[in-house]
Amino acid sequence: MTEQSSQTVVLTGAAGGMGRAITEALIDSGRRVVLVDRDARALREVAATGGDKVFPIELDISDAKAVDRLPDAIPDHFRPVGVLINNAGHDIGGRTRFDIGSADDWSNIIQTNLIGLMRVTRAILPGMVQRDAGHIVNISSINAVRIVPDMAAYSASKAGVHMFTETLRGELAETAIRVTELQPGLTRTNIILTRYRGDTQKEKDYFDQFRMALDPADIARSIVFALDQPAHVQIAEMMILPVNRY
């Protein structure tokens, strides 16, 4: 087992569909995972499958004070943190024209997808800088670089993640810390179901518009690929799209 594959990873949004696939891939690669999610029940379910390779922390990343305490909540045997994967995010109330949608929904999307991601990074990064080692992986979206109508708040949040990641990589250029951004296309996760607040018919109708979508395992496999590169290789940006031929 290499030093990289034995790393501890902090993964936000660990209890969702994407998070579960990433957790499984990380464990298969020999890594330990600190599972971070606000859904206590789902978090327990994921933790139960990982045994001593995982440690769950119930946390809402939009809670600033709770995020500040995150490093202290990680047990000694899961330190140091070698990798941070910022996966948490949502689009609750989304796919609605901006002037029709709720201002609170738009604010909540930004608070979680961008501000929460930045807060978690701020909490974990100083330890990496002190050791001059680490890897930050931010999950954004193709929405970060493509205009998709009726997704103004979500797209703005992901565009913010894109620029934050680019800037962070520049700031850390004289360190050994790697910074990667993944931009997935349409993926079959529960983000669509939560967007429509549990309306399964709307979820079905949404996916039925498209001939093909990615699976969470596709994203998880791409993350492990980026993590497994030699220390001098940095996968800066990766866009992952389905092949719409079927």
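Read the figures in this text as sums done on the coordinates, not as results from a lab. All values reported here derive from a predicted model rather than from experimental measurement. With ideal geometry, Cβ positions are generated from the backbone for all residues, glycine too; neighbour counts draw on all protein chains shown.
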(message) What does the extension gain come out to for residue 131 and residue 77, with contour length at 0.36 nm per residue minus their alpha carbon separation?
(response) 17.7 nm
(message) On the Cα set of the range 29-81, report Rg and Dmax in Å, please.
(response) 11.3, 32
(message) Compute for the chain: radius of gyration divided by Kirkwood radius, i.e. Rg/Rh, restricted to C-alpha atoms, rounded to two decimals.
(response) 0.95
(request) Using only Cα atoms, find the angle between the long axis of helix 17-28 and the longest principal axis of the chain, and express it within 0 to 90 degrees, rounded to the nearest 10. (result) 30 degrees
(request) For residue 91, enumerate residues with amide H under 5 Å from its amide H, sequence gap 5+ or separate chain, H modeled in the peptide plane. (result) 195
(message) How tilted is helix 40-50 with respect to the longest principal axis of the chain? Cα atoms for both, answer in degrees (0 to 90, nearest 10).
(response) 50 degrees
(request) Can you give me the three principal axis dimensions of the range 111-218 from its C-alpha atoms, in Å, biggest first? (result) 49, 26, 24
(request) Quote to one decimal, in nm, the extra length available between residue 201 and residue 107 on full extension: 0.36 nm per residue of separation minus the C-alpha distance between them. (result) 31.2 nm
(message) What distance in nm lies between label points placed 7 Å from Cα along the C-beta direction at residue 167 and residue 69?
(response) 2.9 nm
(request) Would you mind checking the tilt of helix 117-131 against the longest principal axis of the Cα atoms of the chain, expressed as 0 to 90 degrees and rounded to 10? (result) 20 degrees
(message) Distance cut-off 28 Å, Cα to Cα: go down the list 65/158; 53/202; 158/202 and report the pairs above it.
(response) 53/202
